[in-house]
Amino acid sequence: MNEQQIFNAVAAENSAVPTLLCGHCHSTLSRAKIFRTEGGELPNVNCQTIGYCSADDCGAVNCCDEAMSAFENSEQLLGLAS
Ligand SMILES: [Zn+2]
């Protein structure tokens, strides 16, 4: 009974650095809140990259796959050191 609605993140336009916006409230998704799924976190979601909105009254889970495909350096967005 814990059905979670997933929104599609939106790629911000006219931004100097790759930026994703929450598909629900259009707040900027913090890089720290964007994760690659290893499989299992969200079993019913077919999404490789998810972003959690940090807006107080939103908290939406965003699928970032589609939006990230708009960026050439999507790894940069993730800020992964590996
Ligand atoms: Zn949001």
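The values are calculated or read from the model by the stated rules, or taken from the named source; none is laboratory data. What you are looking at is a predicted structure, and each value in this text was computed from that prediction instead of being measured. Every residue, glycine among them, receives a Cβ derived from its backbone with ideal geometry; neighbour counts consider all protein chains shown.
Miscellaneous remarks
- Every residue from the range 22-49 that is within 11 Å of ASN8 (Cβ to Cβ) and at pLDDT below 95: CYS47
- Residue satisfying all of: in the range 1-12; of a type in the set (A, V, I, L, M, F, W, C) and without any contact (Cβ under 8 Å) to a residue 40 or more places away in the chain; nearest to the ligand (Cβ to nearest atom) among these: ALA12
- Contact annotation: residue pairs with Cβ atoms under 9 Å, 6 or more positions apart or on different chains, pairing a residue in the range 52-72 that is charged (D, E, K, R) with a partner that is within 8 Å of the ligand (Cβ to nearest atom) and in a loop (DSSP other than H, G, I, E, B), are ASP57/CYS25.
- Checklist (1) modelled with pLDDT of 90 or more; (2) more than 12 Å from the ligand (Cβ to nearest atom); (3) of a type outside the set (Asp, Glu); (4) surrounded by fewer than 18 Cβ atoms within 10 Å (Cβ to Cβ) applied to SER54, failing item: (2)
- Applying a threshold of 6 Å to beta carbon distances and a minimum spacing of six or more residues, or different chains, the list of pairs starting in the range 13-37 at a residue that is at positive phi and within 16 Å of the ligand (Cβ to nearest atom) and ending at one that is in a loop (DSSP other than H, G, I, E, B) and at pLDDT 85 or above is empty.
- Every residue from the range 44-70 that is of a type outside the set (A, V, I, L, M, F, W, C), assigned to a loop (DSSP other than H, G, I, E, B) and touching a Ser or Thr at 6+ places or on another chain (Cβ under 7 Å): GLN48, SER54
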